[in-house]
Structures are given as structure tokens and as C-alpha cells.
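Derivation of every value follows stated rules applied to the coordinates shown; laboratory data play no part. Note that the structure is a prediction, hence the values are computed from the model and not measured. Here the Cβ is made from the backbone with ideal geometry for all residues, glycine too, and neighbour counts use every protein chain on show.
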Amino acid sequence: MNFHLLRHALMALIVGTLVACTTTPQQNDPSPVPDLQPHGGAGTPRPPIATNTPTKSRWVPVDWSELPGVQQDSFTEAWNGWIKNCERPNTVFAGLCTEVRRLSIAGEDEQRNWMMTQLQPYRIEASTGGPDGLLTSYYEPLFEARRVQGDGFNVPLYQTPASLGKRKPWYTRQQIESLPEAQAALSGRAIAWLRDPVDAMVLHIQGSGRLKLTEPDGRQRMVRMAYAGTNDQPYKSVGRWLLDRNLVRDATWPGISAWIAANPARVNEMLWSNPRYVFFREEELNPLDAQFGPKGAQGVALTPGRSIAVDRNSIPYGTPVWLSTPGPTVALNRLVFAQDTGSAILGAVRADFFMGWGPEAGDLAGRVKQNLRLWAFWPKSQAGSAPHLR
């Protein structure tokens with residue numbers, strides 16, 4: 001594993017602070033971090049919002065020819081996202097799932113022609129603005145871990161404590177790591193142990209991750225740490241904490257790395273500035289599951305490069321979407337699916353692109369912050385129910 005790339009990506013995700021303003025109570029600072037309340041929370045598809053309901057977006061019907069690169073994208077590659085959609089479909093798309101499954105072995109031209117016959121594209125615009133928005137990206141971290149504490153692996157990942165529902169909010173991050181009563185409540189609840197507290201914070205930010213886990217008998221296996229809940233404390237950006245105290249000049253890895261190296265005694269102080277704490281559950285990763293990401297808010301596993309998180313008040317879960325961005329980090333014109341959400345993913349033309357897992361995906365995801373346009377697809381047979389029509 002290339003840990004230099006991994007740490008660069010992780011810190012980019014942790015300390016970015018300059019875009020994507022959010023109005024949710026748990027986050028008060030602008031940040032390009034895709035989702036600072038965990039991705040992959042359990043969710044269910046909801047029906048389209050009625051046309052007369054106040055929304056964040058308006059849908060403008062357009063011709064397929066308006067979609068950039070629609071003839072060049074690999075629809076066959078995207079079809080896994082369609083298949084996943086049909087595991088828990090939006091009710092509007094449920095009637096198409098028989099054909100979607102049949103077309104899984106079809107060629108790209110047949111798949112594209114079927115979509116053009118069945119679906120109407122709508123340009124997504126802000127209800128008070130235009131079609132331009134923001135794309136960020138997220139990923140699933142991958143770390144080495146041990147089942148038993150020791151040999152440098154001393155940072156726990158906990159399952160939910162039994163008293164979590166009895167005390168709201170629960171203990172803060174600092175209290176969890178320092179108060180005897182909080183530690184007593186978590187005694188025996190550690191699922192696994194990491195080397196680095198910064199790595200644990202990254203898992204808390206991303207909401208899930210993969211572990212290369214070593215068991216007590218020396219066996220190694222890959223497991224997933226899935227989001228199970230939080231302590232109900234507000235999120236505070238550690239990057240903002242560093243910048244506000246002039247401890248770093250900008251949110252770059254060299255500056256943060258130098259600060260951590262020069263101030264090891266203050267790392268806990270930095271981490272404790274964020275009182276939110278995430279609890280996990282362990283999931284097996286069989287060969288099929290390993291080809292997909294964690295479950296998003298729609299309740300289906302995310303497909304690398306084909307799943308996005310959206311503001312569900314703009315685009316309903318399970319909606320096929322055409323995504324177009326010119327770069328500079330990645331240039332994309334492709335079919336994706338709205339299968340997740342996040343507390344920082346707010347606005348009509350706003351998407352968080354699921355990059356995949358591991359250090360390479362993390363390095364790329366941590367650098368994505370660029371312009372975006374979106375088009376939603378809706379069944380022509382259900383055109384009268386399309387949300388937010390202008």
C-alpha cells in the first residue's frame with residue numbers, strides 16, 4: 001500500500017475548508033469534504049416530490065442532443081448501477097426493472113437506444129439560478145488493522161454502546177477518549193484497532209471503510225466497517241480549527257504534515273476539536289461485495305464511478321442522472337445514479353462522486369472540486385409526475 005498517497009488523500013479530505021457551504025447545524029464551515037456526516041446511512045427511496053411542492057431545483061425538459069458525450073459513454077459499464085437501483089427501486093422506475101435486467105447482457109447501442117426511447121432528460125437548475133453547480137468526490141478508505149490491541153495498534157473502532165439511546169447527546173470525542181465512565185461504557189465494544197488516530201478520524205468522516213484485518217491467529221482477511229451511528233454531537237472541522245488558530249497557512253498536506261510532525265503532543269487537541277464520534281458495525285466482504293462500495297442512503301451498494309450523492313430535495317434517490325464536468329482534476333460525461341446523500345451535499349446542482357476505495361481513489365477524490373452540470377432522466381410514461389418541472 002502506498003501510505004504517502006493515502007495520507008495525502010486523507011488529509012485533503014479532512015482539512016479542506018473553502019467550498020461547499022452548508023446550512024446544517026452539524027457543520028458551520030465551508031468545506032469541499034463531500035460528506036462530513038457519514039455516507040452510507042440506511043435510507044429508503046422516497047416518491048418524487050410533487051410538482052407544486054417548494055423545492056431547491058427546477059427540471060427543464062431538453063432533447064437528448066443537449067447531453068455532452070452521450071454517444072461516447074460506456075452504458076454497459078454503467079449498467080451495474082442500474083441493476084443495483086432495481087434492488088430497491090424508486091417506485092417510478094420499478095416498472096422498468098424487468099427490461100433493465102434483460103438488457104444487462106445487451107450491447108451499448110441497444111442499451112442507449114432503450115434509454116432514449118423510455119426516458120426524458122431534464123436539465124437540473126437551481127430554483128433561483130442557473131444550471132451550474134459543484135462536484136466533489138468521496139471514497140472508501142482502506143487501512144491495516146488488528147483484532148487485538150497491541151504492537152502499535154492502539155486506536156479503537158467501536159460498535160455502538162448499549163447506553164447510546166439512553167443519553168443524547170452521548171459523550172464527546174474527548175470524553176470518550178478520556179473519561180473513565182465513557183470508556184467503561186465502551187469496554188469490550190472495540191471491533192478492531194488501528195495504528196493512527198488520524199486514520200480513525202478519516203473513517204469517522206467517510207462513514208465506512210475497508211480493513212485489512214489480522215486476526216489473533218495471524219489470518220488476514222478483508223472486512224468492511226459500516227456506519228452504525230453517532231454520538232449525536234455536532235461536527236466541527238479540524239481543518240478549520242487549524243486555520244482559525246493560524247497553525248497552518250492553508251489546507252495542504254505539506255503544511256498539515258509539518259504541523260503534526262512538529263506538534264505531536266497537540267494532535268489529540270486537534271482531533272478533539274471535533275466532538276462528533278462515529279460507531280461502526282463489521283460486515284463480511286465476499287468476492288461479489290468487494291466489487292462494490294458500501295450501501296448508500298438509497299439502501300443499495302454504491303458502484304465505483306457510477307454512483308453519486310445528491311441533495312434529495314433536488315433529485316430523488318434512484319434517479320438516473322447525466323453528469324458533466326470539464327475538470328480540472330477529472331473530466332467526465334457519463335451516466336450515474338443518485339444513490340446516496342450527505343449533510344454537506346446541499347443544493348440543486350450538487351453531487352458527490354463515489355470514486356471507489358483505496359489510496360489511489362482517495363488521492364483522486366481528495367482533489368476533486370470543480371464545476372458541474374446535471375440532467376435527470378424520468379420515464380416518459382410518468383412525465384406528468386416529474387419533480388420540480390418548470
Based on Cα positions only, what radius of gyration and what Dmax would you give for the range 246-390, in angstroms? 18.8, 63
Specify the inter-centroid distance of the range 305-322 and the range 202-221, based on alpha-carbon positions, in whole Å. 29
Given backbone amide H placed at 1.01 Å from N, residues whose amide H is under 5 Å from that of TYR317, ignoring those fewer than 5 places away on the same chain, are ARG46
To the nearest 20 debye, what is the magnitude of the charge dipole of the range 276-390 about its Cα centre, counting +1 on the Cβ of each Lys and Arg and -1 on the Cβ of each Asp and Glu? 620
How long, wide and thick is the range 79-189, going by the Cα atoms along their three principal axes, in whole angstroms, largest first? 63, 41, 29
If amide H atoms are built 1.01 Å from N in the plane of the peptide, which residues on other chains or at least 5 residues away come under 5 Å of the amide H of GLN120? TRP378, LYS380
Arranged from highest to lowest average of other beta-carbon atoms within 10 Å per residue, in what order do the peptides 96-108, 332-344 appear? 332-344, 96-108
Cα atoms only, the range 205-316: Rg and Dmax in Å? 18.0, 50
Where the centroid of each part is defined by its Cα atoms, how far is the range 54-75 from the range 255-293 in Å? 37
Under-5 Å amide H pairs with GLU144, H placed in peptide plane, nonlocal only: LYS212
P(r) of the range 173-271 over all Cα-Cα pairs, 5 Å bins starting at 0, rounded to whole percent, reads 2, 9, 17, 21, 19, 16, 11, 4, 1, 0
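Quick one: which of LYS168/LYS369; LYS168/LYS236; LYS236/LYS369; LYS295/LYS369; LYS212/LYS295 span more than 29 angstrom between C-alpha atoms?
Correct reply: LYS168/LYS369.
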Any idea how far the Cα center of the range 110-142 sits from the one of the range 335-390, in Å? 6
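Let's test the formula: R0 of 41 Å, r as the Cβ-Cβ distance of ASN371 and ASP217. What FRET efficiency results, to the nearest 0.05? Spell out each step's value before the answer.
Working: r = 51 Å, r/R0 = 1.25.
Rounded to the nearest 0.05, the efficiency is 0.20.
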Karplus (6.51, -1.76, 1.60) ³J(HN,Hα), θ = phi - 60°, over the range 206-214, in Hz, Gly and Pro reported as x: 6, x, 6, x, 9, 10, 8, 9, 9
Selected from PRO161, THR214, ILE176, residue furthest toward positive end of dipole (the range 149-230; charges at beta carbon): PRO161
Cross-link reach from LYS84 to aspartates and glutamates, straight Cα distance under 13 Å and at least 8 residues apart if same chain, gives ASP289, ASP340
Here the range 289-303 yields Karplus 3J(HN,Hα) values (6.51, -1.76, 1.60; θ = phi - 60°; whole Hz; Gly and Pro given as x) of 4, 5, 7, 10, x, x, 6, x, 5, 5, x, 10, 5, 6, 9
